[in-house]
1. With a 1.4 Å probe and every protein chain left in place, work out the accessible area per residue of segment B:56-129 in Å², rounded to a whole number.
2. Quick one: with all protein chains in place, what share of the accessible area of the protein assembly as shown is carbon or sulfur, to the nearest percent (1.4 Å probe)?
3. Dipole magnitude of segment B:7-161 about its Cα centre, charges +1 at Lys/Arg Cβ and -1 at Asp/Glu Cβ only, in debye to the nearest 20?
4. Which angle from 0 to 90°, rounded to the nearest 10, does the C-alpha axis of helix A:95-108 make with the longest principal axis of chain A?
5. With just the Cα atoms defining each centre, how far is segment A:292-371 from segment B:143-211? Give it in Å.
6. Could you report chain A's accessible area per residue, 1.4 Å probe, as an integer in Å²?
7. Find the sum over both chains of the accessible area lost when B and A are paired, probe 1.4 Å, and report it in Å² to the nearest 100.
8. Quick one: plug the Kirkwood hydrodynamic radius of the protein assembly as shown (C-alpha pairs) into Stokes-Einstein at 20 °C, 1.002 mPa s, and report D in µm²/s.
Amino acid sequence: MSGADNVVWLGTPAFPQAARTALADTQLRANLRRATGTIRDKRLAVAAELEDWEELRETAAAVKRHTLRHLDHHLLRLEKSVTAAGGVVHWAADAAEANRIVTDLVRDTAESEVVKVKSMATQEIGLNEALAEAGIRAYETDLAELIVQLGRDRPSHILVPAIHRNRSEIREIFRREMGEWGRPAPEGLSDDPRDLAEAARLHLREKFLRAKVAVSGANFAAADTGTVVVVESEGNGRMCLTLPETLITVMGIEKVLPSFADLDVFLQLLPRSSTGERMNPYTSLWTGVTEGDGPQNFHLVLLDNGRTATLADEVGRQALACIRCSACLNVCPVYERTGGHAYGSVYPGPIGAVLTPQLVGIGSDIKSGAASLPFASTLCGACYDACPVKIDIPEVLVHLRAKAVEAGRRGRRLPTVEALAMKAAGAVMSSPRRLAAAQKLAGLGARLVARDGRIGALPGPFAGWSASRDTPVPPRETFRAWWRRTRRPAHADSSATVEGKGRG
Amino acid sequence: MRIALFITCFNDTMFPRTGQAVTALLERLGHTVEFPQGQTCCGQMHFNTGYRPETLPMVGRFTEVFEGYDAVVVPSGSCAGMVRDHHRVVAAQYGDAALTEAVERVAPTVYELSELLVDVLGVTDVGAYFPHRVTYHPTCHSLRMLRVGDRPLALLRAVKGIDLVELPDAESCCGFGGTFALKNADVSNAMLADKMRHVLGTGAEFLSAGDNSCLTHIGGGLSRLRTGVGTMHLAEILASTEGDPR
């Protein structure tokens with residue numbers, strides 16, 4: 001095992017089943033449509049403002065390609081510069097090791113609580129749960145993460161983890177749960193966003209002022225200077241990064257950039273792609289420790305957890321270029337209907353569908369878990385167009401589908417019904433004569449089950465399709481037959497010679 | 001110009017009218033259409049579902065059958081995209097050097113119908129007449145793989161008598177996606193429902209597109225609900241004239 005178990009939530013069903021549950025939730029659909037629609041429009045507007053948007057994307061993609069190609073080199077440079085600046089670098093091969101490192105570091109401070117700035121990497125490894133087991137309470141301070149944590153929920157979006165909640169749901173969560181975790185919600189809390197934000201502010205302030213240890217993720221880290229960057233909107237992250245005495249940052253190894261100057265490109269692309277803003281409200285950069293200012297102990301945990309294995313895949317590795325902006329989620333028609341929980345992973349949406357199965361490894365059963373995710377797309381391509389670092393998500397999706405099918409073939413003694421059907425269809429479709437025969441058969445069959453020229457409900461694999469769509473009956477004459485009848489003299493028919501022309 | 005028609009296996013079986021329309025249209029514009037009988041399928045279904053080795057014979061057959069034409073016209077954005085973008089992937093992974101070279105020669109000669117008309121033949125007004133209210137769905141693969149842009153709309157705008165109405169949220173996927181509609185039927189239905197709502201809101205008599213698979217999906221839903229809205233391939237509208245109406 002890669003040790004990446006926590007990327008996928010235990011017990012999560014395969015995407016089609018999980019999606020069915022999500023689709024039945026009309027409130028969720030409405031919340032998602034409103035939220036993704038708004039961000040989508042804002043993103044288009046601010047991206048259009050930059051004349052060199054496409055060049056920026058290309059530059060970012062090139063920097064990422066270069067970095068991933070020489071990842072070991074840049075990581076060693078990063079270790080050197082962080083150490084030189086007074087930080088301590090730790091290497092974690094998997095989730096268990098990363099959790100152990102962080103837990104030990106917190107224990108060393110003799111503290112029993114930490115404040116956290118929203119971090120995908122710590123979600124990925126299930127750090128909060130690991131800390132809880134060690135008797136350490138982790139408080140999420142990002143507003144949306146706070147809502148998720150208080151609601152005993154899972155994040156549903158990379159950038160807007162509580163995207164699936166509306167404000168009246170949030171009020172209920174605050175009223176019910178805040179007292180359990182610290183300062184309770186004020187009496188008579190309304191669902192006005194300003195009131196909700198004030199309740200969260202009061203609740204969190206108590207924790208910011210008390211906490212001695214903070215845990216963060218990182219958006220970027222510059223190898224040449226050892227500077228770590230966190231980009232956020234609320235300032236809660238800034239409080240975590242500056243007030244405590246000890247700061248522990250857990251960062252996926254792919255987040256390194258060769259140089260500080262590279263931030264120029266990424267800090268333009270990220271906020272525009274994620275929140276549709278020209279610039280995010282808070283960009284915090286720190287380099288090691290500074291005496292008398294900010295945390296006096298800084299630890300950087302470099303997390304692999306399946307990334308090296310992903311890097312080994314020539315097509316799939318581009319998923320590691322992801323800067324977690326979530327633009328692909330916001331434009332994805334599948335995500336828009338199901339939300340993030342259906343993906344059963346910390347990383348939902350199109351990027352999750354290519355990242356998750358790679359981080360945990362493609363299994364042998366495409367009907368379950370992570371291996372169902374590459375199939376959770378129509379390949380419409382909207383994600384590729386939106387991606388600021390030009391990850392060709394559709395390309396990776398079909399690549400991973402092929403790997404899932406291959407893994408299934410290896411893991412099974414008997415082929416699946418689908419594999420048999422595909423094989424049969426392949427044989428038919430590579431020969432015009434067999435195709436013509438199959439067309440004749442299909443036409444006969446279709447006319448047997450049709451009523452009024454349309455086919456209604458069907459059994460088996462077509463049940464889902466035919467539940468809501470009529471299927472037209474094929475006409476009696478195919479195009480091929482029509483052409484022969486109308487275009488060629490009868491005696492010139494010689495399908496055998498034409499048949500011989502193809503390789504199939 | 002020697003133009004070969006790749007009808008696609010789906011159109012051949014289910015929508016021969018589309019191929020007949022392409023033929024009528026191109027001949028009306030003064031071109032010769034050839035239909036190589038050895039053609040079968042582009043392999044898209046196998047490729048997109050993860051059955052890559054099975055795709056190889058279809059790639060081989062396609063390149064052999066369509067080698068040497070000035071242009072190959074495909075009345076399907078997704079099949080044209082498969083040939084242009086993915087045949088080289090299959091050839092590189094499973095084929096030999098000769099096949100890769102053949103794909104490199106043939107793939108660039110393959111055009112989706114609106115590309116052929118506008119870019120290669122240089123026409124936008126094809127002399128069509130279609131006195132109906134029509135809305136157009138710009139299928140994903142035409143839009144994002146082939147980047148046909150507004151070529152189909154330019155062609156439709158030039159049709160006499162047509163009442164072309166804009167489809168709201170036109171660029172969002174209809175939810176077909178080949179085997180996606182079978183594997184993820186519930187999500188596909190949810191996407192279809194939204195697409196149908198937008199189509200019905202336009203008050204159009206016909207929904208048109210450059211791909212019969214998307215039209216079968218949306219049309220199947222419109223038919224089940226007995227909406228009375230028909231679907232029609234772009235080629236059929238462009239082939240329609242006062243003397244030869246569709």
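1. Ligands and nucleic acids excluded, the figure is 32 Å² per residue.
2. So the carbon and sulfur contribution to the accessible surface is 53 percent.
3. Working: 13 positive and 16 negative charges, 132 e Å.
For segment B:7-161, the charge dipole is close to 640 debye.
4. Between the helix axis and the principal axis of chain A, the angle is about 10 degrees.
5. If we compute the Cα centre of each part, the gap is 31 Å.
6. Accessible area per residue, chain A: 43 Å².
7. 6200 Å²
8. Using the Kirkwood radius from Cα pairs, D works out to 77 µm²/s.
The values are calculated or read from the model by the stated rules, or taken from the named source; none is laboratory data. Fair warning: this is a prediction, and the values are worked out from it, not measured in the lab. In this analysis, Cβ positions are derived from the backbone assuming ideal geometry, glycine residues included, and neighbour counts consider all displayed protein chains. Just the protein is used for accessible areas: all its heavy atoms, side chains included, with ligands, DNA and RNA removed. Shrake-Rupley method; radii C 1.70, N 1.55, O 1.52, S 1.80 Å.
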